[in-house]
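The values are calculated or read from the model by the stated rules, or taken from the named source; none is laboratory data. Small disclaimer: the values here were computed from a predicted structure and weren't measured. Cβ coordinates were reconstructed from backbone atoms using ideal geometry, including for glycine residues, and neighbour counts include every protein chain displayed.
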C-alpha cells in the first residue's frame with residue numbers, strides 16, 4: 001500500500017509538471033487536480049483490492065491509541081513527511097534563485113525528485129528486510145540530518161550538480177521513511193495487526209500536509225520581516241528541516257515492539 005501511494009505521488013508530480021509545461025496558457029486548476037485525484041483514487045483502490053484478495057481481513061486492534069508505540073510511529077512519520085514536503089517545496093526555487101536555472105529546468109528537477117522519492121522507497125524498504133526497520137529508520141534519519149545540513153554548503157559552492165545530488169538523496173530518504181512504515185508497524189504490533197493499524201498511522205500524512213505549508217510560510221514570512229537575504233534564508237530553512245528530522249530520529253529511539261500481556265498490548 002505504501003509503495004502504491006508513493007508511486008501515485010511520484011506520477012502525480014510528473015503529470016502535473018508535464019501538463020503545465022505542455023500547456024501554452026495556464027490550465028484550469030480544478031481540471032488539473034481532478035485528473036490527479038482520479039489517478040490517486042485508482043492507485044489506492046487497486047492496492048486495496050490486491051490486499052483484500054491476498055490475505056482476508058486482519059484481526060481488529062482494540063486500542064492502538066493507548067500505546068506509546070502508535071504515537072511514536074505516528075510522530076516519526078509526520079515529522080518525516082513535514083521535512084520531505086518542505087524540501088520538495090523549496091528545492092526548485094533554490095535551483096532558480098541560486099543557480100539561475102530556468103523555469104523548465106526547475107520543473108524537470110521536480111520530476112527527478114519524484115523519481116528519487118520512488119527509488120528511495122524501493123531501496124530503503126528492501127534494505128529494511130535485511131537490517132530491520134528500526135535500524136533503517138536510524139540510518140535514514142542520521143543521513144537525512146547530515147544531508148539537510150550539507151545542502152547550504154552545496155548551494156554556496158556554486159556546483160549545481162553537487163546541490164542536485166544532495167537534494168535527490170534527501171528526497172530518497174524521505175521516500176524510504178514513508179515506505180518502511182507498514183513493516184515497522186508489523187514489527188511493533190505483530191503482522192496480523194499491521195494492516196488495521198497502518199490506516200490509522202497514515203493520518204500522520206495529511207496532518208503533515210497541513211502543517212508543512214503553514215510552517216514553511218511562517219519561516220518565510222518571519223525571515224522577510226527581519227530582513228534576512230534570500231540565500232541565507234534558504235540556509236536557515238534547511239537547518240530547521242534538519243532539526244525536524246533530528247526530532248524524528250530521537251522519537252525513533254523510543255519505539256519498542258508491543259509485548260503480549262503487557263499493559264500496552266492491544
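Against the condition at pLDDT below 85 and either in a helix (DSSP H, G or I) or over 21 Å from residue 246 (Cα atoms) (or both), how does residue 178 come out, does it pass? Give the steps one after another, and end with the answer.
Working: at pLDDT below 85: yes; either in a helix (DSSP H, G or I) or over 21 Å from residue 246 (Cα atoms) (or both): yes.
When the stated conditions are applied, residue 178 passes them.
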- Query: Given the conditions (1) at pLDDT below 85; (2) under 27 Å from residue 154 (Cα atoms); (3) in a helix (DSSP H, G or I), and given that residue 227 satisfies all but one, which numbered condition is not satisfied?
  - Reply: (3)
- Is there a residue in the stretch 129-151 that is surrounded by fewer than 18 Cβ atoms within 10 Å (Cβ to Cβ), more than 20 Å from the chain's Cα centre (by Cα) and in a loop (DSSP other than H, G, I, E, B)? no
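Among the candidates 221, 187, which residue alone is in a helix (DSSP H, G or I) and surrounded by fewer than 14 Cβ atoms within 10 Å (Cβ to Cβ)? Walk me through how you get there before you give the answer.
Numbers: 187 fails: surrounded by fewer than 14 Cβ atoms within 10 Å (Cβ to Cβ).
Of 221, 187, the one residue that is in a helix (DSSP H, G or I) and surrounded by fewer than 14 Cβ atoms within 10 Å (Cβ to Cβ) is 221.
Being out of contact with any helix residue (DSSP H, G or I) (no Cβ under 7 Å at 6 or more places or on another chain), in a helix (DSSP H, G or I) and free of Cβ contacts under 8 Å to residues at least 12 places away in the same chain is the filter here; which residues of the stretch 71-101 pass it?
Within the stretch 71-101, 71 is the sole residue that qualifies.
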